[in-house]
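J.: Quick one: this structure, given as structure tokens, is what I'll be asking you about.
The values are calculated or read from the model by the stated rules, or taken from the named source; none is laboratory data. What you see is a predicted model; the values in this text were computed from it and never measured. No Cβ is skipped: glycine too gets one built from the backbone with ideal geometry, and neighbour counts run over all protein chains shown.
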Amino acid sequence: MKIDRLEKDILEAFSSVRTKKPLVEQITNYVTINDCANATLAIGASPVMGDSFEEAAQMTSISDSLVINFGGIGKESLATMIKAGKLANEKNIGIVFDPVGSGATKYRNDSVFDFLKEVHPSVIKGNASEILYLSGENVKTKGVDSELDSLLAKGAAIKVADKYRCVCAVTGKVDIITDGRIVVTIENQSDKLAYITGTGCMIASLCGSFLGATKNPLVSAVCGVASMSLCGEMALEDGIPIGTYRQRLMDNIFELNAQKVEKYGRINFEHIESKYSMYLVTDEKACLGKAFYCCVEEALKGGAKVIQLREKEMDTGRFYQRALRIKKLCERYDALFIVNDRIDIALAVDADGIHIGQSDMPIEIARKLIGHNKIIGISAKSYEEAKAAQAKGADYIGMGAVYSTSTKSDTSIISDEEVEKIIEKIYIPILAIGGINIENVDKILKKGVDGVCIISDILNNDDCKLRTEEVVKIIKDNY
């Protein structure tokens with residue numbers, strides 16, 4: 001997604017949430033549940049706080065989004081959250097997850113990872129300590145609060161976004177929100193927010209409200225976090241009593257609109273390199289007699305971030321053995337391993353995900369088989385195909401063919417108008433495929449794609465490592 005389009009969508013979301021009045025199911029902290037409901041109402045959405053094991057999933061099924069808050073986590077509430085979360089995943093209902101207190105106790109830490117094994121959130125929101133802990137850093141949370149500067153968690157936020165295929169939001173003096181492709185920082189702040197219990201919980205509710213209205217996780221996280229930071233700053237004045245400040249904060253949320261955000265919001269945007277940026281699709285014939293595994297490894301040495309194993313003619317036994325070897329290579333070079341079409345092979349070798357075409361198994365069935373913690377990429381040659389794939393839960397779009405290709409002689413070329421429409425309107429990662437080479441890669445990157453899928457231009461080359469390095473340099477020069 002282009003930054004100018006993102007800015008426009010953020011502003012439009014403030015009217016959208018009040019027009020659509022999405023129903024937001026929230027399994028949240030009993031300490032702050034009333035404030036969360038009021039914040040949801042103030043921004044224009046409709047809260048429902050069903051938290052029983054018997055009802056929460058049923059309520060989720062009729063809601064537009066789901067908010068999960070770990071503030072008062074226990075055995076029963078965890079089971080309820082997982083049940084509701086899995087139902088939301090099945091129905092492609094967006095989830096905001098607030099891992100309150102991650103890093104504080106063993107029980108809480110174990111519960112967070114138990115939840116994430118079962119449920120795929122759209123947005124993970126936390127303070128610096130919580131996000132650093134989720135990223136694998138050895139940090140200690142002070143209860144449910146953070147003593148760390150949010151800016152220290154920028155790298156951790158990107159890591160969490162990439163690992164869990166979600167938007168990650170870090171709240172603090174400077175808020176950081178990222179989907180792994182764009183980093184948004186919000187500089188509006190108020191120290192007095194720290195003296196009101198539950199502002200973090202309310203942020204999750206606000207994010208959930210926007211998610212129910214827009215379905216766009218990055219837009220929703222930016223809007224939710226900005227609503228609290230901007231309204232908190234606008235409520236601040238010298239000598240204001242904390243009770244008055246608290247009431248003014250809620251009043252400001254109720255009165256917030258796009259015009260105020262545009263005028264007073266200090267929101268900055270930065271493009272970063274996607275985890276899908278250099279994507280190699282294999283084809284043994286393209287190696288022109290060179291050793292297949294050597295070609296793949298040389299591409300990995302050169303900076304390939306993703307390897308897709310594509311074997312249309314190979315029998316299952318050989319495909320399985322080849323997949324095992326390619327997976328080991330990908331693990332060695334910290335690259336993603338994707339299997340084309342064959343869900344059975346992907347499951348057998350525990351690949352990172354699969355890539356399927358328009359005539360392959362429906363994405364809903366593929367998701368049931370491979371699970372919600374795996375990547376599913378979808379080929380699309382039109383905006384309508386890309387839009388449908390996004391709505392059904394695809395992780396990325398393989399858009400093309402963008403140029404003529406020798407790999408598929410019967411492939412039609414997607415029009416420039418359709419390319420621009422997909423890049424403009426689709427918010428999940430867009431990867432260009434088809435005829436991409438060292439001569440045209442810069443041109444397609446400048447259109448705004450998040451990555452390029454290459455076959456022949458790398459595998460045909462006498463030096464696969466060098467050619468990959470040349471492509472990677474062009475990619476990095478575009479950031």
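J.: From the list Glu273, Glu255, Glu313, Glu237, exactly one residue is over 17 Å from Asp457 (Cβ atoms), within 28 Å of the chain's Cα centre (by Cα) and surrounded by fewer than 22 Cβ atoms within 10 Å (Cβ to Cβ). Which is it? Even if it seems obvious, please write down each step before you answer.
T.: Numbers: Glu255 fails: within 28 Å of the chain's Cα centre (by Cα); Glu313 fails: within 28 Å of the chain's Cα centre (by Cα); Glu237 fails: within 28 Å of the chain's Cα centre (by Cα).
Going through Glu273, Glu255, Glu313, Glu237 in turn, the sole match is Glu273.
J.: So Ser129 ticks every box in (1) under 19 Å from the mean Cα position of the chain (by Cα); (2) buried (at least 19 other Cβ atoms within 10 Å of the Cβ) but one. Which box is left unticked?
T.: In the conditions (1) under 19 Å from the mean Cα position of the chain (by Cα); (2) buried (at least 19 other Cβ atoms within 10 Å of the Cβ), Ser129 misses (1) alone.
J.: What about Ile345, is it assigned to a strand (DSSP E or B), modelled with pLDDT of 95 or more, buried (at least 17 other Cβ atoms within 10 Å of the Cβ) and in the same structural domain as Gly398 (by TED's automatic domain parsing)?
T.: Spelling it out, it is not the case that Ile345 is assigned to a strand (DSSP E or B), modelled with pLDDT of 95 or more, buried (at least 17 other Cβ atoms within 10 Å of the Cβ) and in the same structural domain as Gly398 (by TED's automatic domain parsing).
J.: Sticking with this structure for a sec: Find the residue count for the stretch 187-213, including only residues that are within 21 Å of Lys260 (Cα to Cα) and surrounded by fewer than 24 Cβ atoms within 10 Å (Cβ to Cβ).
T.: Adding up the residues that qualify gives 8.
J.: Of all the strands (runs of 3 or more DSSP E) wholly in the stretch 1-115, which have at least 3 residues that are within 19 Å of the chain's Cα centre (by Cα)? Reasoning before the result, please.
T.: Values: elements: 23-27, 46-48, 65-69, 94-98.
Here the list reads 65-69, 94-98.
J.: Inside the stretch 243-309, counting only strands (runs of 3 or more DSSP E) that do not spill past its ends, which hold 1 or more residues that are more than 30 Å from Thr199 (Cα to Cα) and not polar (S, T, N, Q)? Walk me through it before giving the result.
T.: Working: elements: 267-271, 278-281, 306-309.
Of the strands (runs of 3 or more DSSP E) lying wholly inside the stretch 243-309, those with at least 1 residues that are more than 30 Å from Thr199 (Cα to Cα) and not polar (S, T, N, Q) span 278-281, 306-309.
J.: Next question. Anything in the stretch 103-115 that is in contact with a Leu (Cβ under 8 Å, 6 or more places away or on another chain) and at pLDDT 95 or above? List them, or say none.
T.: Start the filter on the stretch 103-115 by keeping residues that are in contact with a Leu (Cβ under 8 Å, 6 or more places away or on another chain), which leaves 103, 111-112, 114-115.
The answer is Ser111, Val112, Asp114, Phe115.
J.: Of Asp457, Asp450, which residue is at pLDDT 95 or above, touching a helix residue (DSSP H, G or I) at 6+ places or on another chain (Cβ under 8 Å) and acidic (Asp, Glu)?
T.: Asp457
J.: Additional query: Does the stretch 160-175 contain at least one residue that is over 25 Å from Ala45 (Cβ atoms), in contact with a Gly (Cβ under 8 Å, 6 or more places away or on another chain), assigned by TED's automatic domain parsing to the domain that holds Lys263 and at pLDDT 95 or above?
T.: Scanning the stretch 160-175 turns up at least one residue that is over 25 Å from Ala45 (Cβ atoms), in contact with a Gly (Cβ under 8 Å, 6 or more places away or on another chain), assigned by TED's automatic domain parsing to the domain that holds Lys263 and at pLDDT 95 or above.
J.: A further question on this structure: Hey, can you tell me all the residues within the stretch 276-310 that are buried (at least 22 other Cβ atoms within 10 Å of the Cβ) and under 22 Å from the mean Cα position of the chain (by Cα)?
T.: Listed by number, the residues that qualify are Tyr276, Ser277, Met278, Tyr279, Leu280, Ala304, Val306, Ile307, Gln308.
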